[in-house]
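Enquirer: I have a structure I would like to understand better, so I am pasting it below and will then ask my questions one at a time.
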Amino acid sequence: SVPTEVFFAAQIVSGTMASMFLICLLFYLRVGVGAAWMVAIVIAWMTGFMTPARRLRTQLNRYRDEINRQWPDFMDLLVICLCAGMGFDSALRMTVDSLPRGAVKQEWERYDNDMRTGLTKQDALQAMANRVEIKPVMQFVSSVSFSEKCGSSLVKQLQLQSSQFRADQAIITEEQALKAPVKMLLPLSLCFFPCTFLVISYPIVKQLLGTS
């Protein structure tokens with residue numbers, strides 16, 4: 001997480017550097033600064049100002065995608081530990097220790113740090129859900145909180161969630177596979193088809209030129 005003051009300062013510095021680069025380019029080219037160039041400088045400053053936000057949004061989306069990919073594996077391991085008769089805390093600890101290094105492990109380490117600072121289990125779980133803001137994590141936190149309050153069976157709820165997450169992941173994979181041919185049309189039309197056309201048409205054009 002980045003402090004708000006640091007992020008805002010990075011935006012100002014980025015915008016200033018973008019506008020200064022354009023001003024230096026104008027002086028180097030010895031171009032008169034008119035109204036159009038003033039507008040261009042303002043646009044350059046705004047573009048630089050927005051660059052850190054776009055980069056942070058991209059990193060956040062990648063982080064969430066990584067959690068979505070790793071969460072079903074985490075759920076499966078946790079359900080196995082719970083079915084073996086372990087308590088939630090001990091099962092969670094063993095599951096996190098068994099996870100590879102990644103976004104999910106990092107979130108649970110932050111959860112453990114929150115617990116050490118004095119937060120309750122529900123507050124630490126809710127803080128994790130607020131940080132990540134994705135459906136699987138929020139459903140998991142709701143199930144654990146409901147089980148803690150009402151004393152219902154947590155294993156059955158997590159088993160259902162794990163199955164649902166696997167089904168949703170399969171659907172997303174199928175959708176991405178269906179989108180692949182559409183995404184390949186542009187590189188094929190720009191690279192492969194012109195080369196194929198040239199290879200096929202070369203003997204025909206050569207023969208026509210030889211005949212004429």
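Enquirer: From the square roots a ≥ b ≥ c of the eigenvalues of the alpha-carbon gyration tensor of the chain, which class results: rounded (a/c under 1.5), prolate (a/b over b/c), or oblate?
Expert: oblate
Enquirer: Once every DSSP H run of n ≥ 4 in the chain is given -39500 (n - 2.57) and the sum is divided by its residues, what mean residue ellipticity at 222 nm do you get, rounded to the nearest 500 deg cm²/dmol?
Expert: -30000 deg cm²/dmol
Enquirer: Now, a different point. Identify the residues of segment 175-202 with backbone N under 19 Å of a label point that sits 7 angstrom from the Cα of L208 along the Cα-to-Cβ direction, or state none.
Expert: What the label zone holds, given the 19 Å backbone N cut-off, is 194-202.
Enquirer: For segment 122-212, with only Lys/Arg (+1) and Asp/Glu (-1) charged at the beta-carbon, what is the dipole magnitude about the Cα centre, in debye rounded to 20?
Expert: Computed charge dipole of segment 122-212: roughly 240 debye.
Enquirer: Taking the Cα atoms only, what angle lies between the long axis of helix 88-98 and the longest principal axis of the chain, rounded to 10 degrees?
Expert: 40
Enquirer: Follow-up question, since we're still on this one. Between segment 37-84 and segment 115-184, how far is it from one alpha carbon centroid to the other, in angstrom?
Expert: 17
Enquirer: Still on this model: Tell me the accessible surface of F197 in square angstrom (1.4 angstrom probe, heavy atoms of protein chains only), to the nearest ten.
Expert: 140
Enquirer: Another question, if that's okay. Given axes a ≥ b ≥ c from the Cα gyration tensor, I'd like to know whether segment 108-212 is rounded (a/c under 1.5), prolate (a/b larger than b/c) or oblate.
Expert: Prolate, because a/c is 1.5 or more and a/b exceeds b/c.
Enquirer: Please list T58, T4 in order of solvent-accessible area, largest first, computed with a 1.4 Å probe with all protein chains present.
Expert: From most exposed to least exposed: T4, T58.
Enquirer: With a ≥ b ≥ c taken as the square roots of the eigenvalues of the C-alpha gyration tensor of segment 111-173, please select rounded if a/c is under 1.5 and otherwise prolate if a/b is larger than b/c or oblate if it is not?
Expert: oblate
Enquirer: Whenever you get a sec, line up M17, M128, M86, M94 from highest to lowest accessible area (probe 1.4 Å, protein heavy atoms).
Expert: Greatest to least solvent exposure: M17, M94, M86, M128.
Enquirer: Run the count for the chain, please: Lys pairs, Cα-Cα under 23 angstrom, 8 or more apart or on different chains.
Expert: Count of close lysine pairs: 7.
The values are calculated or read from the model by the stated rules, or taken from the named source; none is laboratory data. For clarity, every value in this text was computed on a predicted model and none was experimentally measured. Because the Cβ atoms are built from the backbone with ideal geometry, glycine has one as well, and the counts that use them run over all protein chains shown. Keep in mind that these areas ignore ligands, DNA and RNA; they rest on the heavy atoms of the full protein, side chains included. Shrake-Rupley method; radii C 1.70, N 1.55, O 1.52, S 1.80 Å.
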